[in-house]
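In what follows, a structure is listed as structure tokens, so that the remarks can point back to it.
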Amino acid sequence: MDILSLISQAERDCQRVFSALEATEILNTRRVLSAFQAEDVATRHFSPSTGYGYDDIGRDTLERVFARLFGAEAAIVRPSVACGTAALSLCLFGLLRPGDHLLSATGTPYDTMETVIGLSGNAPGSLKEMNVSYSQAEMAEEQTKIDVKSVLEKIQPNTRVILIQRSRGYAWRSSLRPEEMKALIDAVHAVRPDIFIMVDNCYGEFITDQEPTHFGADVCVGSLIKNPGGGLAPTGAYLVGTKRAIELIEARLTAPGLGREVGSYAASYQPFYQGLFMAPHTVTQALKTAILAARVFELLGMKTTPAFDAPRADIIQAIEMGEPEKLIAFVQGIQAASPIDGSAVPEPWDMPGYTDQVIMAAGTFVSGASIELSADAPMRAPFTVYLQGGLTYAHGKIALMTALEKMKL
Ligand SMILES: *Cc1c(COP(=O)(O)O)cnc(C)c1O
């Protein structure tokens, strides 16, 4: 089949799935709009601040909008929190004390979190160095569900935080929809209301019309250069949750006693507001791109997860390329179709912190933003590529065609 007919066939197959996404986009856009209006967002909130940033209404209002949107009591939304890992680390160091125990409910966490916890490498300042112990419960039913019983059994008297990772990250497991976390959240809170349930929500925002905090999670953390930044936020991360959790975390954000009262931003918060407004749409574009890619490669007989019509809880699409040549050609095709650095040719390289060589395509406006179309893969069998993002579906579709040409299928 030639590329155009393959894409058209795949697109026809996806129509029903696309319609369902557009219904969620409407619900989420309505939610964002209501939060903006309830907080009376106005032009004055776009004024920059300097120095201590006392009474920065742009910052404070943005935090209230996030809290409202996530059904949470309070929020930290800051350009000064460098990335998702920094926000997750901030959260853990805010909530945990020496002698406490951290329990992961979703198996081995995201790569960078292993270093924060002290599971791999020996970077100074890890939780381990602070005498915080760690254990994990594996997911059940072929990595598709949280094993509530196992998590409950692994709770210790000094367990203070239970971590749920929503996205598959770069593992061949299922991502979790917020409603799938409820059983665990309720079971833990019934026996141990003092335990904080923390969700790594990276890549999950706006996929469904509710977030983990709506189902009782104590705190939910994510990056602003992924979903909730809508492709416009230039940097930063957010944390939303209960007053009790956010108070502990904000003491680490700046200083005990200062918390969220300080922190200026000499640029404007305008792109953060506009990005949040765009986010339900941008996430839908990224999802449509992922679904089209899944269908195209399914038609070519390749293995994908999730399948094009399976329920989704994050924007990541995994595709098994089977052969290193195909994988490299695919990634190079995605890069070649990028608006930025389109002439760069990605090659596998020894990235610090990874055991296998890694190849990545990222031709993005915001450096490293994975809500923009990007692809990455470790160079190991079965040569699975992880594709995510896409600011517009049109671009996603064009990039797929370029990648297929490079693959000479
Ligand atoms: C992106 C991501 C993070 C944080 O990564 P950063 O690159 O530091 O923003 C953490 N967990 C998951 C599941 C992620 O997808």
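Values in this text are rule-based calculations from the coordinates and carry no lab data. Here the structure is a predicted model, which means the values were calculated and not measured. Note that each Cβ is placed from the backbone with ideal geometry, even for glycine, and that neighbours are counted across all protein chains shown.
For the chain, what does -39500 (n - 2.57) per DSSP helix run (n ≥ 4), summed and divided by total residues, give at 222 nm, in deg cm²/dmol to the nearest 500? Can you show the working numbers first?
Working: 10 runs with 154 residues, N = 409.
Rounded to the nearest 500, the figure is -12500 deg cm²/dmol.
Just to confirm my numbers, what's the Cα centroid distance between region 285-357 and region 156-218 in Å?
Centre-to-centre distance over Cα atoms comes out at 27 Å.
Most exposed first by the Cβ proxy, i.e. fewest other Cβ within 10 Å, how do 160, 312, 244 rank?
244, 160, 312
Check residue 147: other-chain or 5+ apart residues with amide H under 5 Å from its amide H, H built from backbone geometry?
Close amide H contacts, sequence-distant or interchain: 140.
Could you give each residue of region 335-345 its phi-based ³J(HN,Hα) in whole Hz, using Karplus coefficients 6.51, -1.76, 1.60 with θ = phi - 60°, and x for Gly or Pro?
5, 4, 8, 7, x, 10, 6, x, 8, 6, 10
Could you size up the charge dipole of the chain around its Cα centre, putting +1 on the beta carbon of Lys and Arg and -1 on that of Asp and Glu, and report it in debye to the nearest 20?
Numbers: 35 positive and 46 negative charges, 71 e Å.
It works out to roughly 340 debye.
What fraction of the DSSP beta bridges in region 91-168 is antiparallel, stated in percent and rounded to the nearest 5?
10
Which of the lysines could a cross-linker span from residue 326 if the Cα-Cα distance has to be under 18 Å and same-chain partners fewer than 8 positions apart are dropped?
Within the straight-line limit of under 18 Å, residue 326 reaches these lysines: 303, 406, 408.
I'd like the projected area of region 249-393, averaged over all directions, using the convex hull of its alpha carbons. Report it in nm² with one decimal.
In nm², the orientation-averaged hull projection of region 249-393 is 11.5.
Give me the aspartates and glutamates in straight-line cross-link reach of residue 397: C-alpha distance below 16 Å, same-chain residues under 8 apart excluded.
Hits, sequence-local ones excluded: 2, 11, 13, 298, 372, 405.
For each of 276, 95, count neighbouring Cβ atoms within 10 Å of the residue's Cβ, then give the residues from fewest to most. Mind showing how you got there, number by number?
On the way: 276 28, 95 23.
The most exposed by this proxy come first: 95, 276.
Taking the Cα atoms of the chain, report the difference between the largest and smallest coordinate on each principal axis, in whole Å and largest first.
Cα extents, longest axis first: 64, 51, 38 Å.
What share of the DSSP beta bridges in region 160-245 is antiparallel, in percent to the nearest 5?
In region 160-245, approximately 40 percent of DSSP beta bridges are antiparallel ones.
Separation between the residue 266 and residue 182 pseudo-spin-labels, each 7 Å from Cα along Cα→Cβ, expressed in nm?
In this crude spin-label approximation the distance works out to 4.8 nm.
With everything on Cα atoms, drop me the angle between helix 3-38 and the longest principal axis of the chain, reported from 0 to 90° to the nearest 10.
20
Determine, for region 43-268, the count of lysine pairs separated by eight or more sequence positions (or lying on different chains) whose alpha-carbon distance falls under 25 Å.
The result is 9.
Relative contact order, percent, of region 43-268 when contacts are C-alpha pairs under 8 Å separated by at least 6 residues?
Reported relative contact order: 29 percent.
Can you tell me, using C-alpha contacts under 8 Å and at least 6 residues apart, the relative contact order of the chain as a whole percent?
Relative contact order for the chain comes out at 18 percent.
Through the Karplus equation 6.51 cos²θ - 1.76 cosθ + 1.60, θ set to phi - 60°, convert the phi angles of region 147-156 into ³J(HN,Hα) values in whole Hz; use x for Gly and Pro.
8, 4, 4, 4, 4, 4, 5, 8, 5, 10
Which ³J(HN,Hα) values, rounded to whole Hz and listed in residue order, are derived for region 123-133 from phi using the Karplus coefficients 6.51, -1.76 and 1.60 in 6.51 cos²θ - 1.76 cosθ + 1.60 with θ = phi - 60°, glycine and proline given as x?
Result, rounded to whole Hz: 4, x, x, 5, 4, 4, 4, 8, 6, 9, 8.
Arranged by the count of other C-beta atoms within 10 angstrom, fewest first, what order do 150, 167 take?
Neighbour counts put them in this order, fewest first: 150, 167.
Could you calculate the FRET efficiency of residue 380 with residue 145 from 1/(1 + (r/R0)^6), where r is the beta carbon distance between them and R0 is 35 Å, rounded to 0.05? Show your work: numbers first, answer last.
Details: r = 26 Å, r/R0 = 0.75.
My answer for the efficiency is 0.85.
Please compute the net charge surrounding residue 51, taking Lys and Arg as +1 and Asp and Glu as -1 over other residues with Cβ under 14 Å from its Cβ. All intermediate terms of the calculation are to be shown ahead of the outcome.
Working: positive: 59; negative: 55, 56, 261.
Local net charge: -2.
Ranked from highest to lowest mean number of other Cβ atoms within 10 Å per residue, what is the order of the peptides 290-301, 110-121, 38-49?
The most tightly packed comes first, giving 290-301, 110-121, 38-49.
In a solvent-free Debye calculation with one equal scatterer on each Cα, what is log10 I(q)/I(0) for region 43-268 at q = 0.09, 0.12 Å⁻¹, listed in the order of the q values?
-0.34, -0.62
Got a sec? Which residues in region 323-349 would a label at residue 409 touch, if it sits 7 Å along Cα→Cβ and we count backbone N under 16 Å?
323-335
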